[in-house]
Amino acid sequence: MVVRREKSNYVIQSVSHALDVLEQFTSEADELGVTELSKRLKLHKNNVFRLLATLEARGYIEQNKATENYRLGLRCLRLGQRFVLQMGLLRQARPVMSQLAKASHETAFITVMRNGSAVPLDAIEADQPVRLVSRVGDALPLHCTAVGKVYLAFGDEEMRGSLAETMPKFTEKTILDRQVLTQQLKKIAENGFAVDLGEYIEDVRSVAVPVRDYTRAVVGGLAVSGPGYRMSQERIEKEVTPLLLKAGRELSTRLGFEADA
């Protein structure tokens, strides 16, 4: 017989205390000192100082040099923005992906950029006997996937500069020449979509478009993938790409993007 333990039994006390520190900063108390935090948390000043030092080193807390008090750092803001983005993006993407998968009869998925990779957050699988299994949570390379090339083509120079000097080869079709890739990215930027014709996985083809929000920044990649025997060049050009471009515009509009702004 397996005895299940409550999750509370696995709580790490030091991590819990660190989160307690962060939660003390509110609109009424945007800056706090070690003494005040010690009183609030009923912890020794030395422990509070060590917690603050750790959080400060990671950017979650910063010190006001004038008052020597502490306040929330930029990493907290970034986490909050990430949460809002992901929840808003997923909520708005679901119905668009569902319609896209239904219209194209192929798998549709949405991705975000994480640590130099394109990461699928959600997917709607095709209504076909043979279909691609969603790769939600996987880290997809940028140089040889449709969604990855979308980020490279529509992102900033810093993102393109983050590509490794030696790009890994996945299939015989993987582009390894940076000059060839650069030319392809220019064409992608002009056309508004990217294609992967078996460059990452043999016999799998994908098309992707950028998703923008009210800031006009690229906040995601919307893609359709299917087996090569169904995703012919002609079908990609005449059927799948128009559907995807329309879906990308709809999702961007849902996120507040105005094309003519």
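Of the residues Arg205, Arg235, Arg230, which is in contact with a strand residue (DSSP E or B) (Cβ under 6 Å, 6 or more places away or on another chain), among the basic types (Lys, Arg) and closer than 17 Å to Ala146 by Cβ? Walk me through it before giving the result.
On the way: Arg235 fails: in contact with a strand residue (DSSP E or B) (Cβ under 6 Å, 6 or more places away or on another chain); Arg230 fails: in contact with a strand residue (DSSP E or B) (Cβ under 6 Å, 6 or more places away or on another chain).
Answer to the check: Arg205.
Got at least one residue in segment 117-127 being in contact with an Asp or Glu (Cβ under 8 Å, 6 or more places away or on another chain), at pLDDT below 90, open to solvent by 10 Å² or more (accessible area, probe 1.4 Å) and outside any strand (DSSP E or B)? No, segment 117-127 has no match at all.
When Arg212, Arg230 are checked against the criterion of being under 18 Å from Ala153 (Cβ atoms), at pLDDT below 95 and of a type outside the set (Phe, Trp, Tyr), a single residue qualifies: Arg212. Among the residues of segment 33-88, those identified as loosely packed, with under 13 Cβ neighbours inside 10 Å, within 26 Å of the chain's Cα centre (by Cα) and assigned to a helix (DSSP H, G or I) are Ala57, Leu74, Leu77, Arg78, Leu79, Gly80, Gln81, Arg82, Phe83, Val84, Met87. Out of the residues in segment 12-32 meeting the condition of being out of contact with any helix residue (DSSP H, G or I) (no Cβ under 6 Å at 6 or more places or on another chain) and of a type in the set (S, T, N, Q), tell me which one is least open to solvent (accessible area, probe 1.4 Å). Result: Ser16.
Looking only at segment 226-261, which residues are aromatic (Phe, Trp, Tyr) and within 10 Å of Val211 (Cα to Cα)?
Filtering segment 226-261 down to residues aromatic (Phe, Trp, Tyr) leaves 229, 257.
Correct list: Phe257 only.
For Ala108, are the conditions met, namely being modelled with pLDDT of 90 or more and surrounded by fewer than 21 Cβ atoms within 10 Å (Cβ to Cβ)? Spelling it out, it is not the case that Ala108 is modelled with pLDDT of 90 or more and surrounded by fewer than 21 Cβ atoms within 10 Å (Cβ to Cβ). For Pro210, are the conditions met, namely being of a type outside the set (A, V, I, L, M, F, W, C), closer than 15 Å to Thr111 by Cα and surrounded by fewer than 22 Cβ atoms within 10 Å (Cβ to Cβ)? No.
Looking only at residues in segment 195-244 that are among the aromatic types (Phe, Trp, Tyr) and in contact with a Phe, Trp or Tyr (Cβ under 8 Å, 6 or more places away or on another chain), the one that is farthest from Glu172 (Cα to Cα) is Tyr214. Residue pairs whose Cβ atoms lie under 7 Å apart, separated by 6 or more positions or on different chains, with the first residue in segment 16-36 and closer than 18 Å to Arg50 by Cβ and in contact (Cβ under 8 Å) with a residue 24 or more places away in the chain and the second surrounded by fewer than 16 Cβ atoms within 10 Å (Cβ to Cβ) and of a type in the set (Ser, Thr, Tyr), are Ala18/Thr54.
Residues checked against (1) part of a loop (DSSP other than H, G, I, E, B); (2) within 28 Å of Ala126 (Cα to Cα); (3) open to solvent by 40 Å² or more (accessible area, probe 1.4 Å); (4) free of Cβ contacts under 8 Å to residues at least 60 places away in the same chain:
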position: Phe170; (1), (2), (3), (4): yes, yes, yes, yes
position: Glu190; (1), (2), (3), (4): no, no, yes, yes
position: Tyr200; (1), (2), (3), (4): yes, yes, yes, no
position: Ile236; (1), (2), (3), (4): no, yes, no, yes
position: Glu250; (1), (2), (3), (4): no, yes, yes, no
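The values are calculated or read from the model by the stated rules, or taken from the named source; none is laboratory data. Since the model is a prediction, treat every value here as computed from it, not as a measurement. Here the Cβ is made from the backbone with ideal geometry for all residues, glycine too, and neighbour counts use every protein chain on show. Surface areas here come from the heavy atoms of the whole protein model, side chains and all, with no ligands, DNA or RNA. Shrake-Rupley method; radii C 1.70, N 1.55, O 1.52, S 1.80 Å.
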